[in-house]
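Asker: First, the structure itself, so that you have it in front of you.
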Amino acid sequence: MTNNSAPLLEVEDVYAGYVKDLNILQGVNFRIAPGELVAVIGPNGAGKSTLAKTIFGLLTPNRGKITFKGEDITPLKSDQIVRRGMSYVPQIANVFPSLTVEENLEMGAFIRTDSWQPLKKKIFTMFPRLADRRRQRAGTLSGGERQMLAMGKTLMLEPSLLLLDEPSAALSPLLVNSVLEQIKAINETGTAIVLVEQNARKALAMADRGYVLDTGRDRVEGPGQDLLNDPKVGELYLGVTTAH
């Protein structure tokens, strides 16, 4: 769902990295409107996951500014950012393996003070496979089921923005499609989604807009379908060779 209102999140000229004076992100600019689904693609090492971690407060920018819902969140840590309505699903270590599926969802509601039981039922309706395995330990789930649980857990906070870092990594092609369909369904409920994805073609096909990151910079930005059909983007980032 594309929305032309003021950005929900805006990243302005951000430099960030894991080692002092060594920036992975080299002046990235990025924005997402309420309800949008925006894909972030690019080669390995481009800074895609670093961008997601920086937005979520796991890394503090060395330079630049991040605004969420009109508030400067640049210096905030992830626990403070969660309380403002943003959630993040990392690529790995994204569920509690020793807890059951149901317990994982309940852990996802840790900062809520209101009743979240109706929401848990809603998430089980959205992910029927999780409902079937509600008493199963998360560590025994398949890769695709684990990704669904990780997303369901974050939805227990009803975030206005969901950051997904490589949700289809290491999944079979069948499970990739299933997980991406669930992501689209979540977006259609009104949740804005930043989708960092190695499967660039599928991500752009479902996105309102896309960003191509390369060597820590936002090289190209535009509607998902436009980037998908752009010969230059295809040649450089989608593995498409063009006739000369």
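Asker: Could you identify the single residue in L58, L37, L76 that is crowded, with 23+ Cβ neighbours inside 10 Å and at pLDDT 95 or above?
Answerer: Result: L37 is the single residue among L58, L37, L76 that is crowded, with 23+ Cβ neighbours inside 10 Å and at pLDDT 95 or above.
Asker: Here's another thing I want to ask about it. Go through (1) part of a strand (DSSP E or B); (2) over 22 Å from V233 (Cα atoms); (3) touching a helix residue (DSSP H, G or I) at 6+ places or on another chain (Cβ under 9 Å) for F30 and report which single condition fails.
Answerer: F30 satisfies all of (1) part of a strand (DSSP E or B); (2) over 22 Å from V233 (Cα atoms); (3) touching a helix residue (DSSP H, G or I) at 6+ places or on another chain (Cβ under 9 Å) except (2).
Asker: Continuing with this model, one more query. Would you say A192 is within 20 Å of K232 (Cβ to Cβ), small (G, A, S), in contact with a strand residue (DSSP E or B) (Cβ under 6 Å, 6 or more places away or on another chain) and surrounded by 18 or more Cβ atoms within 10 Å (Cβ to Cβ)?
Answerer: Considered against the rule, which asks whether it is within 20 Å of K232 (Cβ to Cβ), small (G, A, S), in contact with a strand residue (DSSP E or B) (Cβ under 6 Å, 6 or more places away or on another chain) and surrounded by 18 or more Cβ atoms within 10 Å (Cβ to Cβ), A192 comes out as no.
Asker: Could you check how many residues of the stretch 52-88 are in contact (Cβ under 8 Å) with a residue 40 or more places away in the chain, assigned to a loop (DSSP other than H, G, I, E, B) and among the β-branched types (V, I, T)?
Answerer: 1
Asker: Kindly indicate the residue of the stretch 230-244 that is outside any helix (DSSP H, G or I) and among the β-branched types (V, I, T) and also modelled with the highest pLDDT among those meeting that condition.
Answerer: V240
Asker: Out of all the residues in the stretch 8-28, is one or more surrounded by 15 or more Cβ atoms within 10 Å (Cβ to Cβ) and closer than 22 Å to Q147 by Cα?
Answerer: No: the stretch 8-28 contains no residue that is surrounded by 15 or more Cβ atoms within 10 Å (Cβ to Cβ) and closer than 22 Å to Q147 by Cα.
Asker: Taking the stretch 159-196, which residues are more than 27 Å from Q80 (Cβ to Cβ) and in contact with an Asp or Glu (Cβ under 8 Å, 6 or more places away or on another chain)?
Answerer: The answer is S168, and nothing else.
Asker: Considering R83, R31, which residue is exposed (fewer than 14 other Cβ atoms within 10 Å of the Cβ), among the charged types (D, E, K, R) and within 20 Å of the chain's Cα centre (by Cα)?
Answerer: R83
Asker: Of the residues V101, V179, which single one is among the β-branched types (V, I, T), at pLDDT 95 or above and either out of contact with any strand residue (DSSP E or B) (no Cβ under 7 Å at 6 or more places or on another chain) or buried (at least 22 other Cβ atoms within 10 Å of the Cβ) (or both)?
Answerer: So the residue among V101, V179 that is among the β-branched types (V, I, T), at pLDDT 95 or above and either out of contact with any strand residue (DSSP E or B) (no Cβ under 7 Å at 6 or more places or on another chain) or buried (at least 22 other Cβ atoms within 10 Å of the Cβ) (or both) is V101.
Each row is one residue, and each column tells you yes or no for (1) surrounded by fewer than 21 Cβ atoms within 10 Å (Cβ to Cβ); (2) within 14 Å of the chain's Cα centre (by Cα); (3) among the aliphatic types (A, V, I, L, M).
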position	(1), (2), (3)
I111	yes, no, yes
P118	yes, no, no
M126	yes, no, yes
R133	yes, no, no
E145	no, no, no
L157	yes, no, yes
L163	no, yes, yes
S168	no, yes, no
K184	yes, yes, no
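Asker: Picking from I186, I193, which residue would you name as being modelled with pLDDT under 95 and closer than 21 Å to M126 by Cα?
Answerer: So the residue among I186, I193 that is modelled with pLDDT under 95 and closer than 21 Å to M126 by Cα is I186.
Asker: If you don't mind, another one. Would you check which residues across the stretch 86-98 are surrounded by fewer than 16 Cβ atoms within 10 Å (Cβ to Cβ) and either hydrophobic (A, V, I, L, M, F, W, C) or in contact with a helix residue (DSSP H, G or I) (Cβ under 6 Å, 6 or more places away or on another chain) (or both) and list them?
Answerer: I92, A93, P97
The values are calculated or read from the model by the stated rules, or taken from the named source; none is laboratory data. None of the values given here were measured: they were computed from a predicted structure. Virtual Cβ from ideal backbone geometry, glycine too; neighbours counted across all protein chains shown.
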